[in-house]
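A.B. asks: Take a look at the following structure, please.
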């Protein structure tokens, strides 16, 4: 369990940087080579490569060589894990608000 928490913390930490978040947003549109990523960002190609390494180490992106280029894409499993965490936090928050307001929680209404 601690390994999962550490991995999740590393993933959230990697997304805390604005440039890395912009890279993830660009990769959400589809796989791209480093040069294409760098062309749309206000940092050098070398800086993009460094950011990609951090995202890769966090498990958020995967890279594969295609000819002379390296193509990066998002890791859907890692992103799904982060989304699951957010969904859990959201459900807890909604349940807390419903309890504070005296209303039945959303899960109770569906039953």
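A.B. asks: Checking residue 56 against (1) within 21 Å of residue 16 (Cβ to Cβ); (2) surrounded by 11 or more Cβ atoms within 10 Å (Cβ to Cβ); (3) at pLDDT below 95, which test does it fail?
C.D. replies: The number of the failed condition is (3).
A.B. asks: Looking at residue 102, is it at pLDDT below 95 and farther than 27 Å from residue 6 by Cβ?
C.D. replies: yes
A.B. asks: Across region 15-35, what is the number of residues that are assigned to a helix (DSSP H, G or I) and in contact with a strand residue (DSSP E or B) (Cβ under 9 Å, 6 or more places away or on another chain)?
C.D. replies: 6
A.B. asks: Can you tell me which residue among 38, 101 is without any contact (Cβ under 8 Å) to a residue 12 or more places away in the chain and surrounded by 13 or more Cβ atoms within 10 Å (Cβ to Cβ)?
C.D. replies: None of the other options fit; the residue is 38.
A.B. asks: Looking only at residues in region 14-31 that are surrounded by fewer than 19 Cβ atoms within 10 Å (Cβ to Cβ) and in contact (Cβ under 8 Å) with a residue 24 or more places away in the chain, which one is farthest from residue 66 (Cα to Cα)?
C.D. replies: 17
A.B. asks: Going by the structure shown, is residue 74 within 15 Å of the chain's Cα centre (by Cα) and surrounded by fewer than 16 Cβ atoms within 10 Å (Cβ to Cβ)?
C.D. replies: So residue 74 does not fit the description; no.
A.B. asks: A further question on this structure: Kindly indicate whether residue 80 is without any contact (Cβ under 8 Å) to a residue 40 or more places away in the chain, surrounded by fewer than 13 Cβ atoms within 10 Å (Cβ to Cβ) and in a helix (DSSP H, G or I).
C.D. replies: yes
A.B. asks: Can I ask one more? Run down 86, 94 and say which single residue is in a helix (DSSP H, G or I), at pLDDT below 95 and over 20 Å from residue 5 (Cα atoms).
C.D. replies: Just a single option satisfies the conditions, and that option is 94.
The values are calculated or read from the model by the stated rules, or taken from the named source; none is laboratory data. Here the structure is a predicted model, which means the values were calculated and not measured. As a convention, Cβ positions derive from the backbone with ideal geometry for all residues, glycine included, and neighbour counts pool all protein chains shown.
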